[in-house]
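This report concerns only the one structure given below.
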Amino acid sequence: MSGILALKKRLIELLTQAVGELQQQGKLPAVTLPEINVEHPQQPEHGDYASSLPLKLARSTGIDPLTIASEIADLMVATPEVGSVVVAPPGFINFSLKNDWLTGQVESILAAGDTYGNIDLGGGSRVQIEYVSVNPTGPLHVGHGRGAILGSTLANVLTAAGYQVEREYYINDSGRQIDNFRRSLYVRYQQSLGVDSEMPTEGYFGGYVVDLARAIVADEGDRFLKMPEPEAVQKLGEVGLARMIDSIRSDLELLGVGFDVWFSEQSLYDSGQYQKVMALLQQGGHLTEKEGATWFTSTALGDDKDNVVVRGDGSPTYFASDIAYHYDKFVSRKFDRVINIWGADHQGHISRMKAVVGALGIPPEQLQVIISQMVTLRRGDELVRVSKRSGDIITLRELVEEVGSDACRFFFLSRSADSQMDFDLELAKKESADNPVYYVQYAHARIASILRLARERGVSGQGGDVSVLVTEPELTLIRKMLLLPELVETVAETLEPHHLTYYAVDLATVFHSFYKNCRVVSDDRVLTPARLKLVEAAKTVLSRTLGFMGMTAPEKM
C-alpha cells in the first residue's frame, strides 16, 4: 500500500482506538461508531488531514463536539508521520505531517518510479470495460471520441489500482442495421459502375458509403456484379464491414485508444449463446408471448415496462442480443465486474439491462453503466455544426487532425461524463497558459529542461539529502505529489476520471511556482542535488498523471 494511503488507514485506526478507549472509560456512551473518514481540509493552514468524527459522535451522544474532539486528541498515539494533532471548532481534529517525513517521501517516489501511484484496491479481480462499440455502418464522430477516452483512461487507472482489466469493443455486425448497410453499399457499388439502382428507404445515405463503394470498385473491380444479387449483397457487405471496422480501428489508434478484444455480435448466434440464454429466461418464467412477440417481463423485476426480445417475424431485438452478450461476459467469461460506457441515447436501456442481469442470477450491482453526454464544438464563441471538408458530420479523425490527440484526450476528460460539454477548438490549439493542455505539458518540458541543464553542468541528484528541502514552495510541491495514489483510489472507486485533469493543472501550477521561487541548479552543493531529486520526483508524478490520461509527456516544447 502507498505510504500516504497507509498513513490515512493508520489515522483511521488510531481514531477508532481512541474512541474505544473513551467508551471503556465511560466518557462516551457505547454508541455504534459512524463511518470514520480522514480528508484534506479546505484550508491548507488547517493541516494535511482532518476528521469530522467528533461532529458525527455529537449527534448520537448529545455531547459537545469540541469536548469529544479534545478527548480523542489527547488519546491519539504519536506516529512518526504526524507532527501535530490540533482541535478546531466546531469539532474537527486536524493532523499536520512532519517535514522530515514529507521530504523522505521524495525518495519513496523516486524508488517507485513508473509504479508510483499504483495501489492494491482491486486485489486482482477481473474487470471488463466496454466502450465505443459504434455500429460499423458509419465513421466515428466527435461524440464517440468522448466515450473512447473515458473508457481507455478508466482502464489505465483501474489497472494501476490493482484490477485485471480487459478492454472490449462490441461489434454490432448482425441485425437490421447491418442488412440496410449491405443493401446501401450494393446500390452505391452498382451506381459506381454505371448501373441504375435505387437506395433503400432505410438506407445509409452518407457520402462515406459512396466513397467506400468507389474504393471497393478500385480494388475489386466489377466481380460482385457477376454474382446473384443475394450473394453479392452478402459478400460485398462482408468486404465493406471489414473496411469500416479497419477505419474505426485506425481512427481510434490516432487517439491512442486500443482494445484487447473486438467481440462480434454475430458470434453470439453462431455459437448458440443467444439460444441458450433465451432458453434460460424461458425456464425461469421471465418471458411471455403477447401481441405476436416475445417479451421479457421486466416489470416483475422492478422495471417500469416489459420489453420485446423477439419480434413477430422471429428476429431478435437489440435488447435480446445484449442479454446474450452480458451472459457471455458474466457467466461464460466470468468477469467480476462489467463497466459499459454508453452514449446519452442509451440512458433508458440501463434499468432493463440491470433487471435481466438479475434474472440470470448475477448481482445487478456488478454491472455499472456510465452515460457519456453530448459534445458541442466551438471556435471561440462560434458554434461549429458541420464539417468544412464534407459539409456533413464532423468526424473524430477531423478533430484529432486539427487539434491533436493530447488536446482531445484532455478536453474530453475535463468534465464529468454525465455533463454536456463545449469543446473549444481555438483554445485547444493555443500555445499559452490559457490552454490547460499546453500549461500542463509545458511543466513537464520545463522539468526535462532543468535536468538537461544539470547533466550539461555535470551535476545530479545522486547523494542529495532531501531533508534540506524545508521551504514552503518545496514542501507544497511534495504535498501535491503525494496526492496521486489517493487520486487513483478516488477515480477507481467513483469511475470519474475528470479528477485527473484538475490534479494535472494543480500539480503544474505548484511546480511552476516552485520553479519561480527556488533555483534548482546553483553553486550550492547541498541544495542542488536535493532539489534535483525533488524535480526528478515531480517529473515522475507528472508523467504518470499524463500517462493515466493517455497523453504524451514532452521533453521539449
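The values are calculated or read from the model by the stated rules, or taken from the named source; none is laboratory data. No experiment lies behind these values; they were computed from the predicted model shown. Note that we place each Cβ from the backbone using ideal geometry, even for glycine, and neighbour counts take in every protein chain shown.
Brief remarks on what is shown
- Given (1) surrounded by fewer than 21 Cβ atoms within 10 Å (Cβ to Cβ); (2) more than 25 Å from Q164 (Cα to Cα), number of the condition S321 does not satisfy: (1)
- Exactly one residue out of I350, I341 is surrounded by 21 or more Cβ atoms within 10 Å (Cβ to Cβ), under 23 Å from the mean Cα position of the chain (by Cα) and at negative phi, and it is I341.
- Near pairs, Cβ below 9 angstrom, 6+ apart or cross-chain, from the stretch 480-506 (under 24 Å from E130 (Cβ atoms)) to any residue that is among the acidic types (D, E): T490/E496
- Residues (in contact with a helix residue (DSSP H, G or I) (Cβ under 7 Å, 6 or more places away or on another chain) and assigned to a strand (DSSP E or B)) located in the stretch 116-159: V127, Q128, I129, H141
- Residues that are of a type in the set (G, A, S), surrounded by fewer than 16 Cβ atoms within 10 Å (Cβ to Cβ) and either touching a residue at least 40 places away in the same chain (Cβ under 8 Å) or more than 21 Å from I362 (Cα to Cα) (or both), drawn from the stretch 295-313: G302, G312
- Identification of strands (runs of 3 or more DSSP E) wholly contained in the stretch 262-378 with 2 or more residues that are touching a helix residue (DSSP H, G or I) at 6+ places or on another chain (Cβ under 6 Å) yields 307-310, 337-343, 367-372.
- The number of residues in the stretch 507-557 that are within 19 Å of the chain's Cα centre (by Cα) and surrounded by fewer than 15 Cβ atoms within 10 Å (Cβ to Cβ) comes to 0.
- Filter pass, F259 being in contact with a strand residue (DSSP E or B) (Cβ under 7 Å, 6 or more places away or on another chain), closer than 25 Å to E130 by Cβ and outside any strand (DSSP E or B): yes
- Residue within the stretch 68-86 that is more than 25 Å from T545 (Cβ to Cβ), touching a His at 6+ places or on another chain (Cβ under 9 Å) and assigned to a strand (DSSP E or B) present: yes
- Checking E365 against (1) more than 22 Å from V261 (Cα to Cα); (2) modelled with pLDDT of 95 or more; (3) touching a Ser or Thr at 6+ places or on another chain (Cβ under 8 Å), the condition it does not meet: (3)
- Tally, over the stretch 284-294, of residues that are within 20 Å of G361 (Cβ to Cβ) and surrounded by 17 or more Cβ atoms within 10 Å (Cβ to Cβ): 2
- The sole residue among E253, E220 that is out of contact with any strand residue (DSSP E or B) (no Cβ under 9 Å at 6 or more places or on another chain), more than 21 Å from F181 (Cβ to Cβ) and loosely packed, with under 14 Cβ neighbours inside 10 Å is E253.
- Condition met for G3 (closer than 25 Å to G122 by Cα, surrounded by 12 or more Cβ atoms within 10 Å (Cβ to Cβ) and among the small types (G, A, S)): yes
- The listed residue being in contact (Cβ under 8 Å) with a residue 12 or more places away in the chain and in contact with a strand residue (DSSP E or B) (Cβ under 7 Å, 6 or more places away or on another chain), out of L66, L110, L75: L66
- Positions within the stretch 172-203 being surrounded by fewer than 22 Cβ atoms within 10 Å (Cβ to Cβ) and within 34 Å of the chain's Cα centre (by Cα), in sequence order: N172, S174, G175, R176, Q177, I178, D179, N180
- Residue within the stretch 105-115 that is surrounded by fewer than 21 Cβ atoms within 10 Å (Cβ to Cβ), in contact with a helix residue (DSSP H, G or I) (Cβ under 9 Å, 6 or more places away or on another chain) and either among the basic types (K, R) or at positive phi (or both) present: yes
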